[in-house]
Amino acid sequence: MMSTYTMTIGGESVGSTNTFQVIDPATGAPFASAPDATLDDVHRAMDSAHSAFTMWKRDETARRRALASAAEAIKSNSEALARVLTQEQGKPLKFALREVIGASYAFAYYARLPIPRQVTLDDETGHIEVQRRPYGVVAAITPWNFPVLIASTKLAAALLAGNTVVLKPSPYTPLSSLALGALLRPLFPPGVLSVLSGGDELGRWVSEHPAVRKISFTGSVATGKKVSASAASDLKRVTLELGGNDPAIVLADVDPKKVARALFRGAFTNSGQVCTAIKRLYVHESIFEQVVEALGDVVSAAKVGSGFEPGVELGPINNAPQHRRVTELFAEAQTRGGRLRRGNGPRAGAGYFFEPTLVTDVGEDAPIVAEEQFGPLLPILPFAKLDDAIARANDSHFGLSGSIWTSDLERGAQIASELECGTAWVNQHMAFSPAAPFGGSKWSGIGYENGPWGLDAFCQLQAVNVKRAPVEG
Ligand code: NAD
């Protein structure tokens, strides 16, 4: 796409004498560098975002036009953006392309979404209209698993509402966001969208900056808690989209062979590095072995390799610390007597590869079950009574999503509603739609993204209350 990646600050391309290396997870070697933003860069981005806000919030038509042209620009540069994404993130090119097209769709969707106004009183005494107003400067902070899509979902909704945004991607995947910033730079007035790259400290500088009135954060629970604590001292508004440990419950009435591929996609898409991936699979004891076998066959057939290789379904894990963590969980499960059913865990050699792996014979207290593994390593647990499966599924600090698999859809929907989570699917997992809010309960998050709920996350209500009767006294 471009050989030198620069930040976008105040509508300008900005480099830095300080840079950090970006690693290709398929080789484990650096392949590019990104500017390491200074505190001064943060101040300049915030000042320009603050100045741009006054005009930007006034012209809804201009905002919609800019969002629509952003959608077009992303679409027509999708191949190039996808290649950058694959190289720094690791995901297979076809999935990178899907992510970029999803990002384009987010801009197109919000370009057309109405901003509601509600008249709640209209009589001879007066007129009350409830309007949605932007907060001002928004800090958007993103993780490394879906950098383009997550950033775009935040940007499109925040910008439609009339906010200005400073985006800070993960240091593991900064390039696709820098490239996105460069692509959108000519389409927005200076200061409306800035993109800064750097490490975790930059995240702290951005989220703690006094100009910021709203933080939209996606990442881990641990960082989310820090962001929330620092936001509280300045009463900044926050949306937190955090981790998950999603359960899927397979009832006795399904055909194991028919659901195996969908379960595989639910657990192993993006090499399991999805907040909403199936991370614990509960299967009724009467079909337990058949499900392990059927899923195992799909797992064994999946091709693992560089995201640029044709036919690859699973790329590498994105970064060395995450690869280490999944490897440790795998080893720990085996020391506890966990039984390896398919796959063989970490692969020796260059790159952060890890085979899709199924483990059985682990208890609820094993870290592989109790914690978010965020990798291609899935524990499968039997259950005898549905109530017990639901109780075990809900016995978690996490509450992002979950799914029920059954041939009885009505019963499935009723059981799904007993799951304590933001999204409860039946016979699918990771199916997103603008018709559904996306957010977590418990430690999985605060607030919602997607659809009209995503717009609301970037709006505060203002009641414009007009007295019609003459003012007297
Ligand atoms: P992370 O929390 O380590 O980092 C996320 C972002 O926060 C990065 O840009 C990082 O630089 C920044 N950051 C780090 N410390 C900060 C601080 N003190 N203040 C402000 N920003 C700071 O998460 P990660 O490892 O990049 O992402 C993986 C996690 O994200 C997983 O737990 C996954 O489940 C979660 N996730 C959640 C969703 C969702 O929508 N719920 C989506 C994707 C990923």
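Structure notes:
- Of the residues making up the range 197-214, those that are farther than 26 Å from PRO316 by Cα and within 20 Å of the chain's Cα centre (by Cα) number 5.
- Tally of residues being hydroxyl-bearing (Ser, Thr, Tyr), part of a helix (DSSP H, G or I) and near the ligand (Cβ under 9 Å from one of its atoms) across the range 216-233: 2
- Just one of (1) over 24 Å from ASN145 (Cα atoms); (2) without any contact (Cβ under 8 Å) to a residue 60 or more places away in the chain; (3) open to solvent by less than 20 Å² (accessible area, probe 1.4 Å) fails for VAL283. It is (2).
- Residue match in the range 30-41 (condition: crowded, with 20+ Cβ neighbours inside 10 Å and more than 24 Å from the chain's Cα centre (by Cα)): yes
- In the range 207-233, the residues that are over 13 Å from TRP443 (Cβ atoms) form Cβ pairs under 6 Å with partners that are more than 7 Å from the ligand (Cβ to nearest atom) and acidic (Asp, Glu), at six or more places apart or across chains, as follows: SER230/GLU208.
- For the residues GLU355, GLU309, GLU328, GLU332, the requirement of being open to solvent by 40 Å² or more (accessible area, probe 1.4 Å) and touching a strand residue (DSSP E or B) at 6+ places or on another chain (Cβ under 9 Å) singles out GLU355.
- Residue within the range 259-273 that is open to solvent by 10 Å² or more (accessible area, probe 1.4 Å) and within 16 Å of the ligand (Cβ to nearest atom) present: yes
To keep it simple, each residue is scored yes or no on (1) under 30 Å from ALA348 (Cβ atoms); (2) in contact (Cβ under 8 Å) with a residue 60 or more places away in the chain.
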position: MET7; (1), (2): no, yes
position: GLY10; (1), (2): no, yes
position: THR17; (1), (2): no, no
position: ASP41; (1), (2): no, yes
position: ASP47; (1), (2): no, yes
position: ARG65; (1), (2): no, no
position: ALA70; (1), (2): no, yes
position: ALA73; (1), (2): no, yes
position: VAL84; (1), (2): yes, yes
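- Criterion violated by SER197 - all others in (1) of a type in the set (Ser, Thr, Tyr); (2) within 14 Å of the ligand (Cβ to nearest atom); (3) not in a loop (DSSP other than H, G, I, E, B) satisfied: (3)
- Filter result for ALA182 (near the ligand (Cβ under 8 Å from one of its atoms), assigned to a helix (DSSP H, G or I) and either free of Cβ contacts under 8 Å to residues at least 12 places away in the same chain or open to solvent by 20 Å² or more (accessible area, probe 1.4 Å) (or both)): no
- Any hit, the range 425-443, residues being assigned to a helix (DSSP H, G or I) and either within 15 Å of the ligand (Cβ to nearest atom) or hydroxyl-bearing (Ser, Thr, Tyr) (or both): yes
- Which listed residue is more than 16 Å from the ligand (Cβ to nearest atom) and either crowded, with 24+ Cβ neighbours inside 10 Å or modelled with pLDDT under 95 (or both), from VAL100, VAL138, VAL130: VAL100
- Only a single item in (1) crowded, with 18+ Cβ neighbours inside 10 Å; (2) aliphatic (A, V, I, L, M); (3) within 16 Å of the ligand (Cβ to nearest atom) is not met by VAL299, and it is number (3).
- For the range 126-149, the condition of being touching a residue at least 60 places away in the same chain (Cβ under 8 Å), assigned to a loop (DSSP other than H, G, I, E, B) and of a type in the set (D, E, K, R) holds for none of the residues.
- Entry remark, the range 12-29: residues being closer than 23 Å to GLY307 by Cα, surrounded by fewer than 17 Cβ atoms within 10 Å (Cβ to Cβ) and among the small types (Gly, Ala, Ser) number 2 in total.
The values are calculated or read from the model by the stated rules, or taken from the named source; none is laboratory data. For clarity, every value in this text was computed on a predicted model and none was experimentally measured. Methodologically, a virtual Cβ is constructed for each residue, glycine included, from the backbone with ideal geometry; neighbour enumeration extends over all protein chains shown. Only protein heavy atoms, including side chains, enter the accessible area calculation; ligands, DNA and RNA are left aside. Shrake-Rupley method; radii C 1.70, N 1.55, O 1.52, S 1.80 Å.
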